[in-house]
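Before any comments, here is the structure.
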Amino acid sequence: MSEPARPTEPQGELVIRTIAMPADTNANGDIFGGWLLSQMDLGAAIYARNLSRSRVTTVAIDAMTFIAPVYVGDIVSCHATLLKVGRTSMRIAVEAWAQRTKGGALVRVTAGVFTYVAIDDAGRPHPVHRT
């Protein structure tokens, strides 16, 4: 059995785009994984909020995979795809891509699945708005 083909372009809706800066580096000089994770969480939260039409909170991050490093100056974009809507929750696949400073190549750098819960103003779960 062969491995599935790696994506050659982003899948899903563009939810956030930013540039990796020197302040976001780890001790090796590469972009800190926690910074990248937070960008993915922010982008997916925007996507979940728009879907639910309410406040949301992150309740889980599953299957997180770091595929390639992000370097200072790379343009990082996060793309989200809805996997499942429950009564109060949403599972969202998120992938991050880096456009390299040198040469402009587009590289898939990480992917994960985030779960959000729709909440009311008091922070209690409530049903996801469905159209």
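The values are calculated or read from the model by the stated rules, or taken from the named source; none is laboratory data. It should be emphasised that the depicted structure is a prediction, and the values quoted were computed from it without experimental measurement. Methodologically, a virtual Cβ is constructed for each residue, glycine included, from the backbone with ideal geometry; neighbour enumeration extends over all protein chains shown.
What number of residues within the range 49-82 are closer than 15 Å to LEU14 by Cβ and either without any contact (Cβ under 8 Å) to a residue 40 or more places away in the chain or crowded, with 21+ Cβ neighbours inside 10 Å (or both)?
6
Scan the range 112-131 for residues that are modelled with pLDDT under 95 and surrounded by 20 or more Cβ atoms within 10 Å (Cβ to Cβ) and jot them down.
The one that is modelled with pLDDT under 95 and surrounded by 20 or more Cβ atoms within 10 Å (Cβ to Cβ): VAL128.
Which numbered condition trips up THR115, out of (1) in a helix (DSSP H, G or I); (2) closer than 30 Å to HIS129 by Cβ?
The number of the failed condition is (1).
If ALA20 satisfies all but one of (1) over 12 Å from the mean Cα position of the chain (by Cα); (2) exposed (fewer than 14 other Cβ atoms within 10 Å of the Cβ), what's the number of the condition it fails?
(2) is the only condition that ALA20 fails.
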